[in-house]
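Following: one structure in structure tokens, then a few remarks.
The values are calculated or read from the model by the stated rules, or taken from the named source; none is laboratory data. Here the structure is a predicted model, which means the values were calculated and not measured. In this analysis, Cβ positions are derived from the backbone assuming ideal geometry, glycine residues included, and neighbour counts consider all displayed protein chains. Surface areas here come from the heavy atoms of the whole protein model, side chains and all, with no ligands, DNA or RNA. Shrake-Rupley method; radii C 1.70, N 1.55, O 1.52, S 1.80 Å.
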Amino acid sequence: VILMFAHLLDVHHERLDKFKYGIVPFAIILALIAGLMLLEPHLSGTIIIFGIAAIMMFVGGVRLIWFIGAGTAAVTLLITVLAIKPDLVHYASDRIEFWLHPENDLLGNGYQSYMAKLAIGSGGLMGTGLGNGRQKHLHLPEPQNDFIFAVACEELGFIGGCFIIILFIALFVRGYQ
């Protein structure tokens, strides 16, 4: 997707203000890729592909009005598809439900989210100190990557967690500038 979009943006960079060149080829590619990924099913990958595509199109010079129209059409299509076939992405709704209420299934799908909440909560305001976290030992699966923020919040506390978020915001702002 990245290579194809880069090629299309390069070839059509002076004609991106026209619907035929600014939207149609990108929409065809995205529809094919998204359709295949939803059949997989891989909803998060589909969302990432759409995000990358939107950023590339925006930076490439596609008119902003096309984004508004495409976004409206996408939301309408999504609502229609979910109304017709609500179990299309049932696994995604289950994951969101277990993320919001992990205590409903502590021995199954809610275990990881619940342990992450315990780690964050046990950090308190100032944390347990670097390297002194307890949840990363046998309770949090993949503490070095999937739950690194929960471990950081346990060890650095609420203040450290807020500082990490501020650093990410600063990184985003600096990258945007």
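Figures for the structure shown
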quantity: For V151, net neighbour charge (Lys/Arg +1, Asp/Glu -1) across residues whose Cβ lies under 15 Å away; calculated: -1
quantity: Using θ = phi - 60° and Karplus 6.51 cos²θ - 1.76 cosθ + 1.60, couplings along the range 56-67 (whole Hz; Gly, Pro as x); calculated: 5, 5, 5, 5, x, x, 5, 4, 5, 4, 5, 5
quantity: Label-point separation, L125 to A27 (7 Å along Cα→Cβ), nm; calculated: 5.6 nm
quantity: Among 7-13, 115-121, the order from most to least packed when residues are scored by Cβ within 10 Å on average; calculated: 115-121, 7-13
quantity: Solvent-accessible area per residue, Å², over the range 21-123 with all protein chains present [probe radius 1.4 Å]; calculated: 66 Å²
quantity: Ranked packing of 166-175, 143-152, 55-64, most packed first, by mean Cβ within 10 Å; calculated: 143-152, 55-64, 166-175
quantity: In degrees, nearest ten, helix 111-122 long axis to first principal axis of the chain (Cα); calculated: 60 degrees
quantity: Electrostatic dipole magnitude of the chain [Cβ: Lys, Arg +1; Asp, Glu -1; Cα centre; debye, to 20]; calculated: 500 debye
quantity: Mean ellipticity per residue at 222 nm, deg cm²/dmol - from DSSP H runs of n ≥ 4 across the chain, formula -39500 (n - 2.57); calculated: -22500 deg cm²/dmol
quantity: The range 26-177, accessible surface, carbon-and-sulfur percent (1.4 angstrom probe); calculated: 73 percent
quantity: Residue-by-residue Karplus 3J(HN,Hα) for the range 144-154, coefficients 6.51, -1.76, 1.60, Hz, glycine and proline x; calculated: 7, 9, 5, 10, 5, 5, 5, 5, 4, 5, 5
quantity: Length added when fully stretched, H42-I65, from 0.36 nm per residue minus Cα-Cα; calculated: 5.4 nm
quantity: Mean-position separation - Cα centroids, the range 101-177 and the range 10-30, in angstrom; calculated: 42 Å
quantity: Fully extended contour minus Cα-Cα distance, from F149 to I169, at 0.36 nm per residue; calculated: 5.7 nm
quantity: Efficiency of FRET from Cβ geometry, D17 and A73, R₀ 22 Å, rounded to 0.05; calculated: 0.75
quantity: Mean separation of Cα contacts under 8 Å (6+ apart) over length of the chain, as relative contact order %; calculated: 14 percent
